[in-house]
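See below for the structure under consideration.
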Amino acid sequence: MKDKLTGILPVAPTPFHEDGRVDEDGMRRVLDCMIDQGVDAICILANYSEQFLLSDDERALLMRISLEHVAGRVPVIVTISHFSTDIVVARAKAAQAMGAAMVMMMPPYHGSGLFPAPQGIFEHFEAVNRAISIPIMVQDAPLSGVTLSVDLLARLARDLANVSYFKIECPFAADKLAALIDVAGAHIDGPFDGEEAVTLLADLDAGATGSMTSAMFPDKIRPIITHYRTGDIDAALTQWQLCLPLINHENRQCGLRAAKVVMKEGGVIRSDAVRHPLKPMSQRTRERLLNLARGLDVLALRWGN
């Protein structure tokens, strides 16, 4: 990418048929719906894509479908996280060869206590940095159980040329973003937040230049970022306050199921199925989600109808 990536970079859900098979046509429709919502990039194969429930063959299929169908309309970020350094390097090479604009990866982890020392984590990212020439986004998320210190993140940014984007979604993300920018800002092209933008205003105050949300309603969240970055803080705050009930419900009650439920309701996909052992959301939670989404007139609710 020639220009720094800013704005909203949502995660695409992986649609499944009711019997659990990957819905290839549904995947294409998801991507088109996201592009129609004005996203600045799309991330695939992430945790909100149920990447941990996909086979290697399905990953390869979804990567090919996504990159071929998007066809350069927006940048595509491919998530490559894995505990094995050899596998993550292979995934990175495959993503670049197929046309990914960026890769995203978490530190290696397995369970609550099995992860390498800081030097092993550095070497994990270093191996990917050597293998490819496109940007690498570090995902710092509580899911891993790995504490990535500001010093380690700054070292990654300073010493590894391709490690230039950071998605910070740990507790007290704004403070961590501000500290990281303070010590390594010259080496960071994209400080981003995550967690469905539940802390977006604080993170923008800290210096974030964008957010990686779900695909449920980026059309309504993106204006928060654009208003803020043009200096209209009052308009950004007003829009965030409008979005916050739905953001909070997604983040605290729904998780990765929310985007699928809204997209099914809006005719984007045929099924909102998630793969076992995940379970569908309760009818109570679903009704509240759809009522909040209708109140905001989110595009995904009327995209396919």
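Of all residues in the range 95-151, those satisfying the criterion of being in a loop (DSSP other than H, G, I, E, B), farther than 15 Å from L45 by Cβ, in contact with a Ser or Thr (Cβ under 9 Å, 6 or more places away or on another chain) and not hydroxyl-bearing (S, T, Y) are P107, P108, F115, P135, G145.
Among the residues of the range 31-88, those identified as in contact with a Phe, Trp or Tyr (Cβ under 9 Å, 6 or more places away or on another chain), in contact (Cβ under 8 Å) with a residue 60 or more places away in the chain and outside any helix (DSSP H, G or I) are Q37, E50, I77. In the set (1) out of contact with any Leu (no Cβ under 7 Å at 6 or more places or on another chain); (2) touching a residue at least 24 places away in the same chain (Cβ under 8 Å); (3) surrounded by fewer than 22 Cβ atoms within 10 Å (Cβ to Cβ); (4) of a type outside the set (D, E), the condition left unmet by P277 is number (2).
Restricting the range 90-145 to residues that are surrounded by 16 or more Cβ atoms within 10 Å (Cβ to Cβ) and charged (D, E, K, R), the residue that is nearest to L62 (Cα to Cα) is R91. Scanning the range 7-30 for residues that are more than 18 Å from V103 (Cβ to Cβ) and either among the hydrophobic types (A, V, I, L, M, F, W, C) or buried (at least 22 other Cβ atoms within 10 Å of the Cβ) (or both) gives I8, P13, P15, F16, V22, M27, V30. Just one of the listed residues (V22, V70, V39) is under 16 Å from the mean Cα position of the chain (by Cα) and not basic (K, R), namely V39. State whether one or more residues within the range 142-165 are at pLDDT 95 or above, of a type in the set (D, E) and under 17 Å from E250 (Cβ atoms). No, the range 142-165 contains no residue that is at pLDDT 95 or above, of a type in the set (D, E) and under 17 Å from E250 (Cβ atoms).
Residues checked against (1) in contact with a Pro (Cβ under 9 Å, 6 or more places away or on another chain); (2) in a helix (DSSP H, G or I):
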| position | (1), (2) |
| --- | --- |
| L180 | yes, yes |
| G185 | yes, yes |
| L204 | no, yes |
| M216 | yes, no |
| Y228 | no, yes |
| P245 | no, yes |
| R270 | yes, no |
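The values are calculated or read from the model by the stated rules, or taken from the named source; none is laboratory data. Remember, predicted model here, so these are calculated numbers, not experimental data. A quick note on method: Cβ atoms are made from the backbone with ideal geometry, for glycine too, and the neighbour counts reach across all protein chains shown.
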